[in-house]
Each structure stands twice: as C-alpha cells, then as structure tokens.
Amino acid sequence: MQGITPDKVQESVGQACPMPIVNMAKNMRTMSADQVLEIKADDEGAHADVRAWCEQTGNVFLGEENAGEYFRYFVRKKA
Amino acid sequence: MAENGKGCMIVQMSGDFDKVFAGFTLASASAAAGMPTTMFFTFWGIKAIQTGNLTGKGLMGRMVGLMNRGGLQHLGPSKFNFGGVGRWMFKKMMASKGVAGLEELRQACIDLGVKFYVCKTSMDVMEIRREDLIPEVLDVVGAAKAMRDADAASVQYFI
C-alpha cells in the first residue's frame, strides 16, 4: 500500500488464530482516531479475519499487500 | 472501543482440552470485536478456571478431584488422550504451528475484558471451593444469572 505510513506496526508473523486479532484489538485500544495500524501476519485466516473484524467494529480496512513471506494489512481506527 | 450493542455468552460445560480451546478462542475473538462477552463455567468446564490444586472434601469429592484434576495444565483432549500422551502431542503440534496455548488464550480473554462466572451447584457437587478458582472469576452464580446474560447477548454458544 503505497502512500500509507502506519502509526504502529504489529508483528504477528508466526501467530495463528485468534492471536493476530486479539493483538490487533489490544493495539487499537491504545491508538487514537484516524491512526493507522499495520499488521504483519502469515496466518491464512487473517485475510478473512482482519476484514471481518473491521466490518464488525466499524474500523476501516485500508487494504493488504503481499510482502512475500507474509501479508501486510492496514487498518484505520474509526473516529 | 465503543460497544456495538451486541454481546456473546458462552456456556462452557466441557472441560476437554479441545473444547476449552474452542471456548476461549470464540470468547477472545468476540471480546476483540468489542462485544461484551461472558463465559459461564459449569460442571467439567470449571476445570478451565481452577488453579490446579487438588480439590474435594469427602471421599468421593476427593476422588473426583484426583481423577478429574482441574487447571489448564491438566486438561486432556476429548479424543486420543491415551493417558496424557495425547495432551502432550496436541500441545507440541499446536506450538509448532504458532497456535496459542490455553494459558495464553485465557489471559487474552481476561485482558480483553471477558467476564467469567461459575455455576454454584456444580461447585457444590464437585466440592470445589472459591479458593480453588483463579481470582479473575467474578462471581459464583446460578442458572438465572446465566439466563439473564444469555438473553442480553446476541450470540450464545454451548460448548
């Protein structure tokens, strides 16, 4: 995702469900509105889970990027 | 995080390793999504919130406490336990795949604000005392409290 500078980066490579989501929720609680969290994860379930979590919580899924060994997911905290 | 007006209520009746894993996984995912989440532990499920010491007062109570020892470290899978070998095997297989252990999952639930309640009647029958439970258990309650929480929730699971 070009042009996006995350305010915080979460290392979830090697973690399986539900820990990437658990850690994402914890991180988002410490962040302010409109800040962007980047999640690095290689769990295949994260493709659906990050989106589903955003849909349910109202936070904004900005997109994902294939970084080879893992994916980078970008989420903006809702106002 | 703002609550979205929904909620999740889980009755954890089973104390098998795999089914406790399912309970804590769903509870942590639900709490992570901002849903008020409660878990009601009853019968064998109480093992998941015991500290792991030996329990029981009378002969039969002590026997249950010994043969069905509580505490996450003592839980065996519902299939292929083979006297503890299965538990060791599943733990190894899960760790090698980056899957969180039961302790980590339970702590995630606690950190995210999942409320733990325990069934009074089951504790009496199994001769489990409040001191045998982890301090994060909020209260010892009855079926009416479980029903009220289930009624208030938009999602209910019985595991």
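Read-outs throughout are calculated quantities, based only on the coordinates presented, and are distinct from any laboratory measurement. Because the structure is predicted, anything quoted here is derived from the model rather than measured. Don't worry about glycine lacking a Cβ; one is built from the backbone with ideal geometry, like all the others, and counts go over all protein chains shown.
Given R₀ = 22 Å, what would the calculated FRET efficiency be for B:Phe158 paired with B:His74, taking r from the Cβ atoms and rounding to 0.05? Efficiency at R0 = 22 Å is approximately 0.45. Helical runs assigned H by DSSP (4 residues or longer) give the protein assembly as shown a calculated mean residue ellipticity at 222 nm of -11000 deg cm²/dmol, each run adding -39500 (n - 2.57) before division by the residue total. Once the cut-off is 25 Å, how many percent of the Cα-Cα pairs in the stretch B:7-159 end up in the long-distance tail? For the stretch B:7-159, the fraction of Cα-Cα distances above 25 Å is 27 percent. Of B:Met39, B:Met67, B:Met13, the residue with the greatest mean-square motion in the GNM of chain B, using alpha carbon springs below 10 Å, is B:Met67.
Ranked by how many other Cβ atoms sit within 10 Å of their own Cβ, fewest first, the residues B:Ile49, A:Ile4 fall in the order A:Ile4, B:Ile49.
Sparse packing (at most 13 other Cβ atoms within 10 Å of the Cβ) combined with a DSSP loop state is found for the following GluC sites (Glu not before Pro) in the stretch B:112-159: B:Glu136. Potential lengthening of the chain between B:Lys57 and B:Asp124 amounts to 23.1 nm, from the contour at 0.36 nm per residue minus the alpha-carbon distance. Are any of the pairs B:Lys92/B:Lys145; B:Lys91/B:Lys115; A:Lys77/B:Lys145 more than 31 Å apart by Cα-Cα distance, and if so, which? In this structure, B:Lys92/B:Lys145; A:Lys77/B:Lys145 lie more than 31 Å apart at Cα.
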